[in-house]
1. For the condition among the aromatic types (Phe, Trp, Tyr) and closer than 11 Å to Ala385 by Cα, what is the one hit in Tyr258, Tyr276?
2. Check region 209-216 and report whether any residue there is under 27 Å from the mean Cα position of the chain (by Cα), open to solvent by 10 Å² or more (accessible area, probe 1.4 Å) and farther than 30 Å from Leu372 by Cβ.
3. Cβ-Cβ under 7 Å, sequence separation 6+ or interchain: first residue in region 441-452 and over 10 Å from Asn420 (Cβ atoms), partner open to solvent by 10 Å² or more (accessible area, probe 1.4 Å) and not hydrophobic (A, V, I, L, M, F, W, C). Which pairs?
4. Given the conditions (1) under 19 Å from Leu350 (Cβ atoms); (2) assigned to a helix (DSSP H, G or I); (3) open to solvent by 10 Å² or more (accessible area, probe 1.4 Å), and given that Asn396 satisfies all but one, which numbered condition is not satisfied?
5. What do you reckon, is Asp387 among the acidic types (Asp, Glu) and open to solvent by less than 70 Å² (accessible area, probe 1.4 Å)?
6. Check region 204-216 and report whether any residue there is of a type in the set (Lys, Arg) and outside the structural domain of Lys360 (by the TED database).
7. Somewhere in region 224-238, is a residue outside any loop (DSSP other than H, G, I, E, B) and modelled with pLDDT under 90?
8. List the pairs whose first member sits in region 402-417 and is within 14 Å of Cys227 (Cβ to Cβ) and in a helix (DSSP H, G or I), whose second member is open to solvent by less than 10 Å² (accessible area, probe 1.4 Å) and among the basic types (Lys, Arg), and whose Cβ atoms are under 8 Å apart, counting only residues at least 6 apart or on separate chains?
Amino acid sequence: MQLQQQRRKVPRSLVCGFMLFGLGLISLFTGHVASDLEWYSQRLVKRSFFYSRLEGRRREGIDIWKSKYSNLFYGCSERGRNFPSAIRERASNGYLLIAASGGLNQQRTGITDAVVVARILNATLVVPELDHRSYWKDDSDFVNIFDIDRFISYLAKDVTIVKRVPDKVMRSMEKPPYTMRVPRKSPPEYYLDQVLPILLRRRVVQLTKFDYRLASNLDEELQKLRCRVNYHALRFTKPIQEIGERLVTKMRKMAKRYIAVHLRFEPDMLAFSGCYFGGGEKERFELGEIRKRWETLPDLSPDGERERGKCPLTPHEVGLMLRALGFANNTYLYVASGEIYGGEETLRPLRELFPNFYTKEMLAVEDLKPFLPFSSRLAAIDYIACDESDVFVTNNNGNMAKILAGRRRYAGHKRTIRPNAKKLSALFMARDQMGWDTFSKKVKASQRGFMGEPDEVRPGRGDFHEYPSCICERPFTDDENSKGEDRPSARIPVNLKEKVHSKYVGENQGDKSLQRLKKSMGEEPISLRENEGDEIFPD
């Protein structure tokens, strides 16, 4: 009995020790948890604080003429130190012929990507051929639209470019140049695996209907090369450049700043969209007949397309959107467009909203006459006037809209407004059910994220031609640093340059290509089926 009582007695000091040890473990664990919770809560509060400030500024209104952050960004497409020089013509893997398709801006995407593909293949690029058989039937060649000597000389360090395949090479060939079409948005590996073996055997390969045939996401140095081609090497010929600059000068003499609107309300575009614009049976018949030109287009529901935001705005709706955003009645408009469906009757509401309404035909009657037979040269003139505008307004997601939006981002995020057609269409339908102030407030809310701000699309997302990655943020001083929360980088990452090691640019790709081919030299592909999932209207 005494023995059991002795066993039950436990020294108080030992009990206190165990208790203190347990409390220490608990405090240690809870301390870590508390610190983690505090850290996460601080980040959440800080993030919420930044975004609430941003939302507050947006509710108060933004500068509709210029992004607050436009001066913080610049195009940065210089060649990296490890980017090897171009392979000389005699040492290249062969000659690459490119047949660019579509209208001016669609051809521009093909020309830009052709240079990059030539670089990937270590090929000598022959100046691309332009499409003469498209809807516009413009017989202009490269030399008629672009400064060919600048194109060749500016890119000399990147790719060897010649005006034609040498006669000696053509005479030595047993067969004519091999012609093939690659699938849309093909990665570099496809060109190395499928095109390069043929190029090495045949010496000359032609790629047809070359538009959007290269993947949007590439290694950093190849993306920068894309930018050097599109934003520096491709310059219009002197006659086109001069008339475009004269139009801009005339607009600047009348007003310090102006809006350029790409209406894109031509009959072919409306027919292609499958939408209905209130013209009754006459419209349905006329656009239906035009629509028969595209055999592969599916039957679409006009109401469904409008609800999905796939229909371009009418000129009247474009004017209402601009007035609701805050552009005054005396704002100067430069309207880039071809034949407007419905003619002057369709344009009248826009003219009433903005009486200072000008087109290239109004500003350069005589000077324009030599260009009238050539749709691509006329499009180039509009391109210059739109590029130089203070605000550019797109009315569809076509090629000119994408190309110019990307160029303006590269030039420091000049204001580019893209209508949020999905939300705006509902507002236009209910326009008579609300006052102007309410309508204006709702339009401004709908357009958040569609005004060309630097952080509208996260880096690496979106089509490269519209959202180029070769954009850098300027360094800032201590004074600016004290206001760091007002910079876009305080809200989302703005390092648009992806640091990716490139297996296509680090060393002589000619040797590497040949090594890769030792195990893959096979027969030429019998059929290359094209994935045309996204049909692009050629403008």
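1. The conditions single out Tyr258.
2. Among the residues of region 209-216, at least one is under 27 Å from the mean Cα position of the chain (by Cα), open to solvent by 10 Å² or more (accessible area, probe 1.4 Å) and farther than 30 Å from Leu372 by Cβ, which makes the answer yes.
3. Gly452/Thr416
4. Every condition holds for Asn396 apart from (2).
5. Criteria met by Asp387.
6. Checking region 204-216: at least one residue is of a type in the set (Lys, Arg) and outside the structural domain of Lys360 (by the TED database).
7. Checking region 224-238: not a single residue is outside any loop (DSSP other than H, G, I, E, B) and modelled with pLDDT under 90.
8. These pairs meet every condition: Ile403/Arg108; Arg408/Arg415.
The values are calculated or read from the model by the stated rules, or taken from the named source; none is laboratory data. Fair warning: this is a prediction, and the values are worked out from it, not measured in the lab. For neighbour counting, all protein chains shown are included, and Cβ atoms are generated from backbone atoms with ideal geometry for every residue, glycine included. Areas reflect the complete protein model, heavy atoms only, side chains present, ligands, DNA and RNA absent. Shrake-Rupley method; radii C 1.70, N 1.55, O 1.52, S 1.80 Å.
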